1. Regarding the stretch 90-149, what whole-number volume in Å³ per residue does the convex hull of its Cα atoms give?
2. Return the whole-Å distance between the Cα centroid of the stretch 166-191 and the Cα centroid of the stretch 65-101.
3. Could you give the nm distance between label points at LEU166 and ARG56, where each point is 7 Å from its Cα heading toward the beta carbon?
4. Just in the stretch 154-210: which trypsin sites (Lys or Arg not before Pro) are loop by DSSP and have at most 15 other Cβ atoms within 10 Å?
5. Cα gyration tensor of the stretch 161-211, axes a ≥ b ≥ c as square roots of the eigenvalues: rounded (a/c below 1.5), prolate (a/b > b/c) or oblate?
6. Given SER170, ALA191, THR207, which one lies farthest toward the positive end of the charge dipole of the stretch 161-211, if we put +1 on the Cβ of every Lys and Arg and -1 on the Cβ of every Asp and Glu?
7. Can you tell me the Rg and the Dmax, both Å, for the Cα atoms in the stretch 27-153?
8. Hey, got a sec? Which trypsin sites (Lys or Arg not before Pro) in the stretch 74-149 land in a DSSP loop and have at most 15 other Cβ atoms within 10 Å?
Amino acid sequence: MRKGRRVAAMLLAMAPACAVAQDDVVVITATRQPQPSLEVPASVDRLYGEEIREGRPQVNLSESLGRVPGIVVQNRQNYAQDLQISSRGFGARSTFGVRGIRLITDGIPASMPDGQGQAANFDLGSAQRIEVLRGPFSSLYGNAAGGVISIETEDGPPIPTAEAGLILGSYGTWREAMKFGGQSGELGGTASLSHFHTEGYRQHSETNRDLA
């Protein structure tokens, strides 16, 4: 009888922990259909807005993707040719731009039909999360043997907010940005504007970039 009471007490103590574990589910959307991360038969990593922006200039994906296994980002400080991104070796021979990796922004393809894309078009200042899908599972997106990099924009906050930021660096580098968003009934959204400028450490390497 005592043994039965002990088992019942242990089950009651474990019930809240099980409920918390079931509620804390990470949902992956880079696989065409939203699925819990433990049920996805693929290599998927996620980077959230805090990881993307905290203490970073928010200029290139090289600031964040370096921590993702299997992803190598070569930042040649040449803003005219953009980054060189390779996933498990795919895209390593690209002379400029991104090849063999599908780029997606809010569900809209950001790569051209030949597989080439420009990661500089990603607005990191308003990104809610970045999902990186590696391996053959990326064939769901067509010409993307190396993987998929999908970025999603933040939803509008319940209370209208506005933010402004300024980042300064060496070689005449600076970036100014403004972000605002809100909700009204069933409608909501976020908008951001940014301007990046650098004179570069080499001659004839001055760059200006505007994102909206």
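1. Values: hull volume 4.9 nm³, N = 60.
Spelled out: Cα convex hull of the stretch 90-149, divided by residues, is 82 Å³.
2. If you average the Cα positions of each part, the centres end up 26 Å apart.
3. In this crude label model, LEU166 to ARG56 measures out at 2.4 nm.
4. Values: sites: ARG175, LYS179, ARG202, ARG209; in loops: ARG202.
When the trypsin sites (Lys or Arg not before Pro) of the stretch 154-210 are filtered for loop state and at most 15 Cβ neighbours within 10 Å, ARG202 remain.
5. Working: a/c = 8.23, a/b = 3.10, b/c = 2.65.
Cα axes put the stretch 161-211 in the prolate bin.
6. SER170
7. 13.3, 40
8. On the way: sites: ARG76, ARG88, ARG93, ARG99, ARG102, ARG129, ARG134; in loops: ARG76, ARG88, ARG93, ARG99.
Within the stretch 74-149, the qualifying trypsin sites (Lys or Arg not before Pro) (loop, at most 15 other Cβ atoms within 10 Å) are ARG76, ARG93.
Bear in mind these aren't lab numbers, they're just calculated from the coordinates by the rules spelled out. Owing to the predicted nature of the structure, the values given are computational and were not obtained by experimental measurement. Glycine also receives a Cβ, built like all others from the backbone with ideal geometry; neighbour counts cover every protein chain displayed.
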